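S.K.: One structure, pasted below without further comment.
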Amino acid sequence: MSCCAAGTESATELEALKTAGPSAEEIRLSGRSLGNGLSQCDFIVPGVHCGACIALLEKELPKVPGVVRARVNLSSRRLAIVYHDAHADLDGLVKRLLALGYPAHLPGIEEEGGDPVLRELVKAVAVAGFASMNVMLLSVSVWSGAEAATRDLFHLVSALIAAPALVYSGRIFFRSAWRALRHGRTNMDVPISIGVILAYGMSLYETLTHGAHAYFDASVTLLFFLLVGRALDQMMREKARSAVRNLLRLAPRGAMVVADDGSREFRALDDITPGMRIALAAGDRMPVDSRVLSGRSDMDFAIVNGESAAVAVGPGVAVPAGTLNLTGSLMVEVVRPARDSFLAEMVTMMEAAESGRTGYRRIADRASAIYAPVVHLLALFTFIGWLAVTADVRLSLLAAVAVLIITCPCALGLAVPVVQVVAAGRLFENGIMVKDGSAMERLAEADHAVFDKTGTLTRGVPQLVNAAAVDADHLALAGQMGLSSLHPLSRALAEASVGVRTGRDLPPLPVRESAGEGLESFGPGGEVYRLGRTDFALSGPRADTMPSAGSEVVLSRDGALLATFEFADEPRRDAGAAVVSLSALGLGVEILSGDKQGPVAALARKLGIPDFRAAIRPAGKVQRLTDLRTEGKRTLMVGDGLNDAPALAAAHVSMAPASAADAGRQAADFVFLHDSLQAVPLAISVSRKAGVLIRQNFALAIVYNIIAVPAAMLGHATPLIAAAAMSTSSIIVIANSLRLRRASAVLSLAEARGRPGRDQPAGLSGIGVPA
């Protein structure tokens with residue numbers, strides 16, 4: 001179901017859709033292809049609350065035929081399923097989710113008016129708070145020495161107030177605990193539910209037997225503290241996910257599609273396919289990646305390049321989804337469906353930032369998975385021990401209840417994901433997209449950086465510098481051949497040849513391109529023209545000219561040299577400063593380039609990079625990264641070209657500019673949208689700081705349990721104190737994680753460059769932004 005359609009359903013229908021789950025056909029339609037016969041579909045699973053839930057789903061769902069793996073994102077409660085297109089039992093997958101007690105629905109089936117989970121928690125907090133205040137007032141009279149009959153009356157009134165509050169507010173825990181027990185497992189809500197019910201049951205027993213002590217105030221206040229902690233947790237998760245939510249809001253619900261006969265019809269976003277024409281009025285956002293067919297306008301590309309300055313677009317210009325049309329009307333042609341658009345790619349990367357299985361995350365998940373049996377054993381031993389020493393059932397139960405509550409692993413479960421989400425948000429604010437948390441962990445470990453040259457250290461927009469020294473006929477011929485290629489040097493030749501006056505008209509020549517070598521064409525008389533690398537274009541020994549500090553290609557006829565074209569390419573903004581920053585962070589830096597020795601050496605000298613290798617092919621780059629790994633280096637590879645994709649995949653961790661080829665961006669772990677290479681040291685700084693905060697969170701969680709568990713077992717913590725301590729530990733971990741947003745050790749791109757403002761946009765033609 002599309003987002004547009006979902007908004008028209010009633011609340012009852014929405015709830016039915018969420019409970020029943022999607023059909024196999026709906027899953028296939030919403031899935032996206034990963035290649036090699038695999039696809040991925042994302043589900044929303046509201047019932048996921050802790051590490052035990054994650055461990056269960058990721059263990060059980062791959063047992064469904066055709067399911068390759070399952071990954072759960074705790075913050076967004078998203079479940080990503082990778083499955084075989086041909087033989088996956090998708091209906092069986094939905095049934096398995098229901099059997100495990102986790103009904104799921106597809107993204108887009110959402111209620112209006114904000115987060116429904118947070119709304120429910122706030123209402124439950126309000127009811128529990130109101131009840132606890134009233135019960136506390138009645139308890140004051142009891143504590144003041146009320147007589148037996150008055151005391152019993154106050155206890156009974158307290159029981160009547162507490163009962164509906166526990167039923168209404170406690171259902172959040174009871175529902176989750178019952179679902180787990182009904183399917184033969186436990187989760188963190190089981191001991192909490194047992195603790196709350198025992199506290200109330202003991203108090204009711206004391207009231208009915210005219211006992212002197214009742215704990216209705218403790219039971220409802222306990223529930224109040226637990227709910228406050230969970231509500232704050234939910235609020236922090238929502239805050240951490242705000243970047244993703246803001247991105248999703250940029251996607252319009254649909255667009256006005258223009259048919260061949262000129263008629264117009266509004267189509268939902270999911271119904272818009274490549275090849276369709278869309279009429280875009282001023283003030284509209286681009287719904288999908290498109291190319292302008294007619295019209296001219298100014299567009300806001302801030303979502304892509306962070307710049308407030310408008311970008312002029314016209315026929316032939318590619319425009320990514322989410323950009324805003326400011327002035328004129330446009331007719332555009334769709335080039336990608338919504339699920340594959342630039343905006344969808346950014347959202348997917350943001351949502352995936354928490355789901356990577358880092359070493360830290362695996363530790364936290366394993367600890368959370370064994371929590372339930374351990375805490376129940378501790379509570380049982382506490383009850384038996386107190387009963388043996390005091391022979392007092394009431395005191396023994398109170399101590400056991402305190403243990404059940406105080407050992408909740410919320411802090412441990414939050415130690416990693418909250419930091420990863422906050423770190424991903426911090427990077428996103430500075431135009432850096434990260435694919436998953438494991439990439440951040442690997443980037444924090446990097447101790448060596450390897451850069452490609454053209455399009456990475458340089459802007460990738462070469463300019464012909466010796467046009468005046470080249471024969472006009474040769475320049476015109478090279479420019480005509482260059483029109484058939486998208487290679488940056490070919491495009492530079494084509495641009496330089498515009499308006500060149502020649503002594504003769506050049507007939508159109510069919511051109512064949514050899515990847516990584518050059519262009520070949522045949523003249524009217526059968527002569528062979530070649531434009532490209534020296535070893536490709538020239539058939540015999542070449543009389544070498546003076547070595548050039550720039551890139552060059554040669555034009556030949558039948559293997560004989562006709563002309564040499566020299567190019568210069570400016571370094572990226574702040575490339576030298578980025579190299580200095582990387583050295584300050586303790587990383588060695590080198591260049592691996594397929595370009596000639598001269599231009600690579602010149603750039604290395606200009607940027608202060610002592611180690612470089614020129615004229616190296618893609619396989620050579622991979623071999624160099626393998627050698628560095630053998631030497632014990634953890635290498636960061638930064639590259640942009642199609643030929644860099646193998647090296648990006650082979651490195652310990654990798655980054656690519658947004659101008660990179662599609663294969664390069666998909667192979668990289670990070671993508672930076674700005675022109676400044678300060679994005680590289682900034683990402684390392686954020687990742688290292690995130691690692692420090694995760695270790696601090698682990699330490700806080702461990703220290704809390706070392707202190708809290710013995711205190712509860714020894715009777716020094718009542719159930720009420722246990723609830724307050726447990727909630728406080730979670731809040732402390734979340735607050736510590738949020739320090740990353742304002743950490744002085746982490747600079748923004750503007751701060752790193754020593755001035756306010758944003759970086760100028762890069763040439764982002766690879767993702768549909770005009771270079």
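S.K.: Whose amide H sits under 5 Å from the amide H of Val589, counting only residues 5 or more places off or on another chain, with H placed in the peptide plane?
M.R.: Ala449
S.K.: Mind running the shape call on the range 561-650? Use the C-alpha gyration tensor, a ≥ b ≥ c as the square roots of the eigenvalues: rounded below 1.5 for a/c, prolate if a/b tops b/c, oblate otherwise.
M.R.: Cα axes put the range 561-650 in the oblate bin.
S.K.: Follow-up question, since we're still on this one. Report, to the nearest whole %, how much of the accessible area of the range 410-501 belongs to carbon and sulfur atoms, 1.4 Å probe, protein only.
M.R.: 55
S.K.: Tell me, what ³J(HN,Hα) does each residue in the range 593-608 have, in order and in whole Hz, if you take phi through Karplus 6.51 cos²θ - 1.76 cosθ + 1.60 with θ = phi - 60° and put x for Gly and Pro?
M.R.: 9, x, 6, 5, 4, x, x, 5, 4, 5, 5, 4, 5, 5, 8, x
S.K.: Measure out, as a whole number of angstrom, how far apart the alpha-carbon centroids of the range 321-341 and the range 415-465 sit.
M.R.: Going from one Cα centre to the other spans 27 Å.
S.K.: Which pairs, out of Lys95/Lys689; Lys59/Lys621; Lys59/Lys435; Lys63/Lys621; Lys123/Lys435; Lys435/Lys633, put more than 31 Å between their alpha-carbon atoms?
M.R.: Correct reply: Lys95/Lys689; Lys59/Lys621; Lys63/Lys621; Lys123/Lys435.
S.K.: Using a 1.4 angstrom probe on the protein heavy atoms only, could you order Tyr205, Tyr102 from most to least accessible area?
M.R.: Highest to lowest solvent-accessible surface, that is Tyr205, Tyr102.
S.K.: Largest first, what is the accessible-area ranking of Val671, Val622 with a 1.4 Å probe? Please list the in-between numbers first.
M.R.: Values: Val671 5, Val622 40 Å².
Heavy-atom accessible area, descending, gives Val622, Val671.
S.K.: What accessible surface, in Å², does a 1.4 Å probe find on Glu495, ignoring ligands, DNA and RNA and rounding to the nearest 10?
M.R.: 120
S.K.: Ignoring ligands, DNA and RNA, how do Val419, Val167 rank by accessible area with a 1.4 Å probe, largest first?
M.R.: Per-residue accessible area, sorted high to low, gives Val167, Val419.
S.K.: If you don't mind, there's one more thing I want to ask. Residue by residue, what Karplus-based ³J(HN,Hα) values in Hz, rounded to whole numbers, does the range 172-188 have, using 6.51, -1.76 and 1.60 with θ = phi - 60° and x for Gly and Pro?
M.R.: Once θ is set to phi - 60°, the couplings for the range 172-188 become 4, 7, 4, 4, 5, 5, 5, 4, 5, 5, 5, 9, x, 9, 10, 9, 5 Hz.
The values are calculated or read from the model by the stated rules, or taken from the named source; none is laboratory data. The structure displayed is predicted, hence computed values, not measured ones. Heavy atoms of the whole protein, side chains included, go into the accessibility calculation; ligands, DNA and RNA do not. Shrake-Rupley method; radii C 1.70, N 1.55, O 1.52, S 1.80 Å.
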